Amino acid sequence: MGEMVSVINTVDTSHEDMIHDAQMDYYGTRLATCSSDRSVKIFDVRNGGQILIADLRGHEGPVWQVAWAHPMYGNVLASCSYDRKVIIWKEENGTWEKTHEHTGHDSSVNSVCWAPHDYGLILACGSSDGAISLLTYTGLGQWEVKKINNAHTIGCNAVSWAPAVVPGSLIDQPSGQKPNYIKKFASGGCDNLIKLWKEEEDGQWKEEQKLEAHSDWVRDVAWAPSIGLPTSTIASCSQDGRVFIWTCDDASGNAWSPKLLHKFNDVVWHVSWSITANILAVSGGDNKVTLWKESVDGQWVCISDVNKGQGSVSTSVTEGQQNEQ
């Protein structure tokens, strides 16, 4: 199984400090970046170009993460910062403006993630104050806030929504009826835990599950997109250098089992799934991004090594071969 992974484009952002996040929009035509220089920038990256569309100023500290909403809601971007704020930006008639500012946290807001678009415009925000807040757009410029206090002691580092699937949706769904979605998301924290949250019938959020395997802060969690299979999959990474793949096969969503993808020599900051959920990108403290795929026998193998600032990397992977760092 030979695969080719290559760097197809580099973007000079002219940020004046470290870049913490970079996210493509739904269509892959725009790139949003954020930095310790307190700015959020949006670039048009069509046809290999890089045109700065907007330089958004509003945060008063390092900006940790950006997240694009689904385009059915227009061009909407959320950002979160050390300044304890979440800002929602919207493009109106070609101009990007701040449309909402959430100031309900007492400490750094480390992660923002939009819910599946089927639910409406809902943003989950995880903070170092230990709380997770959920902002729901109710129309006419208004946002409703729900807060889960003490979600993680000493802080929440990451939030990631489960894909929108209806229980038993593969079997039969009355046509024309609005499906009865069960809203869920995962969070990772400084208590070394991953927690799964579920919205109850009364609209309150309840902790459904604790996933324990990491021995240090959980830095990121990523719930894999659904590809129609009944299995749910979550990737997690930690300060402990380990990446776990969690799977759950039962419909109740209670029995999760972890599999160690790899133990790196350094902190692992981020994990991110490809759209088809079969490739996981892992980025670590050694400034390396590696791509991983599950082989036929269920082993996770490294199919690439995209080194910092390096061009194409060709790798040939034999089944089951473990790629050591």
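Within region 70-115, being β-branched (Val, Ile, Thr), outside any loop (DSSP other than H, G, I, E, B) and open to solvent by 40 Å² or more (accessible area, probe 1.4 Å) holds for Thr95, Thr99. What residue, of Asp83, Asp118, is touching a His at 6+ places or on another chain (Cβ under 7 Å), farther than 27 Å from Val7 by Cα and of a type outside the set (A, V, I, L, M, F, W, C)? Only one candidate qualifies: Asp83.
Taking each residue of region 16-39 that is β-branched (Val, Ile, Thr) and outside any strand (DSSP E or B) and looking for partners that are at pLDDT 90 or above and surrounded by 19 or more Cβ atoms within 10 Å (Cβ to Cβ) with beta-carbon atoms closer than 9 Å, six or more apart or interchain, yields nothing. Taking region 260-319 as the range and being of a type in the set (Val, Ile, Thr) and at pLDDT below 75 as the test, the residues that pass are Val306, Val313, Thr315, Val317, Thr318.
Residues are listed down the side, and each one gets a yes or a no for (1) within 16 Å of the chain's Cα centre (by Cα); (2) buried (at least 18 other Cβ atoms within 10 Å of the Cβ):
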| position | (1), (2) |
| --- | --- |
| Tyr26 | yes, no |
| Arg30 | no, yes |
| Cys34 | yes, yes |
| Ser39 | no, yes |
| Gly49 | no, no |
| His59 | no, yes |
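For residues that are under 25 Å from Met18 (Cα atoms) and hydroxyl-bearing (Ser, Thr, Tyr), scanning just region 273-298, find the one that is least open to solvent (accessible area, probe 1.4 Å). Within region 273-298, the match that is least open to solvent (accessible area, probe 1.4 Å) is Thr290.
Among the residues of region 241-272, the one identified as open to solvent by 20 Å² or more (accessible area, probe 1.4 Å), in a loop (DSSP other than H, G, I, E, B) and closer than 16 Å to Val218 by Cβ is Asp266. Taken over region 202-240, the criterion of being surrounded by 13 or more Cβ atoms within 10 Å (Cβ to Cβ), out of contact with any Ser or Thr (no Cβ under 7 Å at 6 or more places or on another chain) and part of a loop (DSSP other than H, G, I, E, B) is satisfied by Ala213, Pro225, Ser226, Pro230, Gln239.
The values are calculated or read from the model by the stated rules, or taken from the named source; none is laboratory data. Quick caveat, the model's predicted, so the values are computed rather than measured. For neighbour counting, all protein chains shown are included, and Cβ atoms are generated from backbone atoms with ideal geometry for every residue, glycine included. Quick note on the areas: whole protein, heavy atoms, side chains included, nothing else; ligands and nucleic acids left out. Shrake-Rupley method; radii C 1.70, N 1.55, O 1.52, S 1.80 Å.
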